[in-house]
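The values are calculated or read from the model by the stated rules, or taken from the named source; none is laboratory data. Predicted model, so just to flag it, every value in this text is computed and none were measured. All Cβ positions, glycine included, derive from the backbone under ideal geometry; neighbour counts span all protein chains shown. Calculation scope for accessible area: heavy atoms of the full protein, side chains included, ligands and nucleic acids excluded. Shrake-Rupley method; radii C 1.70, N 1.55, O 1.52, S 1.80 Å.
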Amino acid sequence: TLVQADLEKPVWLSGLALSAGLYLLELLDRLVTERERAPRLYAGSCWALDGLADPNSDIALTLRRFEQFLLAELGYAIEFACTAEDGAPLDPEEQYRFEPGAGFLRAVAASGDTYSGSVLLAIAANDYASASARRAARQVAARALATLLGPRPLVSRGLLAGHSS
């Protein structure tokens, strides 16, 4: 239940941006406790909605950055630059697997659920230029959020299906 809102300006979304906005708001609805004071989350969601409303912005990139911000604000920040085992810096030549709640662990061999250290280090540096960094950031965020969201699927995911967000 929204008990108070001070809108500085309305945000008008349509198309994919509208679907992305609904996804963002559904994440907040499911992960933030009712009546919880969360001014940083409010500011972050306003930033993300403004980004989605900007026709020149990259919707997928806005969502990835918001997902990372949301996880950090909820106390589940993902450390993309070091291993969960010992905090050692990632090796760009090695492969790693993501374990929700822990972080990145060295993988014995590359597989469909592993990521190269170079891709993870790019994400840590906020460099989403490569398709592999974008894909890895989306997959890792989805796995991390899934553990917090539980088995009930996000309704908004269906709206984003078919898009590369």
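Quick notes on this one:
- Rounded, prolate or oblate (a/c below 1.5 giving rounded, otherwise prolate when a/b exceeds b/c) for region 1-91 by Cα gyration tensor: oblate
- Nonlocal amide H pairs with Leu90, under 5 Å, H built at 1.01 Å: Cys82, Thr83
- Modelled spin-label separation between Trp47 and Asp91, with each label point placed 7 Å from Cα along the Cα-to-Cβ direction: 3.5 nm.
- HN-Hα J in Hz across region 40-47 - Karplus 6.51, -1.76, 1.60, θ = phi - 60°, x for Gly and Pro: 5, 5, 4, 5, x, 5, 5, 4
- Radius of gyration and Dmax over the Cα atoms of region 1-157, both given in Å: 16.6, 52
- Accessible surface, per residue, of region 35-165 when the full set of protein chains is kept, probe 1.4 Å, Å²: 54
- For region 135-144, 3J(HN,Hα) computed residue by residue from phi via the Karplus equation (6.51, -1.76, 1.60; θ = phi - 60°) reads 5, 4, 4, 5, 5, 5, 4, 4, 5, 5 Hz, glycine and proline entered as x.
- Principal-axis tilt of helix 15-31 within the chain, Cα atoms, nearest 10 degrees: 80
- Mean separation of Cα contacts under 8 Å, 6 or more apart, over the residue count of the chain: relative contact order %: 22
- Summarising the label geometry, the points placed 7 Å from Cα in the beta-carbon direction at Arg35 and Leu61 lie 4.1 nm from one another.
- Using a simple spin-label model with pseudo-atoms 7 Å out from Cα toward Cβ, Val155 and Leu105 lie 3.7 nm apart.
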